Amino acid sequence: MRVDGHVQPPTFGSATAFGGEKGFGGFAAAAAQAARDATSFPSKSSGDAAAEEEDQAAEEGEEEECKAEFQPLVQLDEVATSTGEEDEDVFFQVKAKLYRFNAEDSEWKERGVGMAKLLQHRQSKKIRMLMRRDKTLKICANHFVVPTVKMQEHTDSDKAWVFSTHDYADQEGSFETFCIRFGSPERANEFKEKYEEAGDLNRGVLEQVKDEQEKKEDAAKPSPEAEKLAEDLEKSAKVDDKAE
């Protein structure tokens, strides 16, 4: 459209290329045509139909292959692993962080974070402390709770205790000084009470074992009557030798 020699742009809604109708009719017609084009699909030729059948057959074949069962070449049997705790009951346990004092460097080194357990053997009734690191389960403390071990307060924390004992975490026993830290002062005090209680119980067990050992030794010794009889026989044998 020209106005005074200039080209005037078409007005939205006028007769345009949308269909040549006035008002919004052209826009509506174009929109309707676009909707028909979007929802319609091209007709399939015979070649396309055959290709589709081949693709469908191939897919069905793949599904059948996926259903196939394969037997492993090597049969692996389940192996039962022993933790060494099968004959023990948990006397007490609490989450803690353990440190070990390195005398060479004169500094504390972290041993690990995990569950500190006091385990009591069902038969012997002895109690030991066992602590494993989380995730790796590596042993970082393993020792018999000795009655004479005393917990000392940490100078910088009311959530930690320091104690020394003979430990077997590395299989070969060594005298270690530990610092064990807990999440709260209440947990720390509870651990101290249970550890000392376990020591008292072990004292009773050790005394009982000592008494039984002394009884066995006494039973192995000859009675006074037997000793006297042995002396008489020895004297009689010496007299017979002199007479000969």
In nm, to one decimal, how far is the modelled label at GLU172 from the one at GLU110, with both set 7 Å along Cα→Cβ?
2.7
Separation between the ARG122 and LYS138 pseudo-spin-labels, each 7 Å from Cα along Cα→Cβ, expressed in nm?
3.2
What does a probe at ASP156 reach in region 182-214, counting residues whose amide N is under 15 Å from the point 7 Å along Cα→Cβ?
182
For region 68-154, what is the charge dipole size about the Cα centre, in debye to the nearest 20, if Lys and Arg each add +1 at the Cβ and Asp and Glu each add -1 at the Cβ?
500
Taking only protein heavy atoms into account and a 1.4 Å probe, give the accessible area per residue of region 184-236 in Å².
78
Note to self: with every protein chain in place and a 1.4 Å probe, region 94-149 gives an accessible area per residue in Å² of 56
Beyond 30 Å between alpha-carbons counts as too far, so tell me which of LYS138/LYS216; LYS97/LYS125; LYS126/LYS216; LYS150/LYS221 fall in that bin.
LYS138/LYS216; LYS150/LYS221
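The values are calculated or read from the model by the stated rules, or taken from the named source; none is laboratory data. Just so you know, these numbers come straight off a predicted model, no measurement behind them. All Cβ positions, even for glycine, are placed from backbone atoms using ideal geometry, and neighbour counts span all protein chains on display. The protein model used for the area step is the full one, side chains on, heavy atoms only, and it has no ligands, DNA or RNA in it. Shrake-Rupley method; radii C 1.70, N 1.55, O 1.52, S 1.80 Å.
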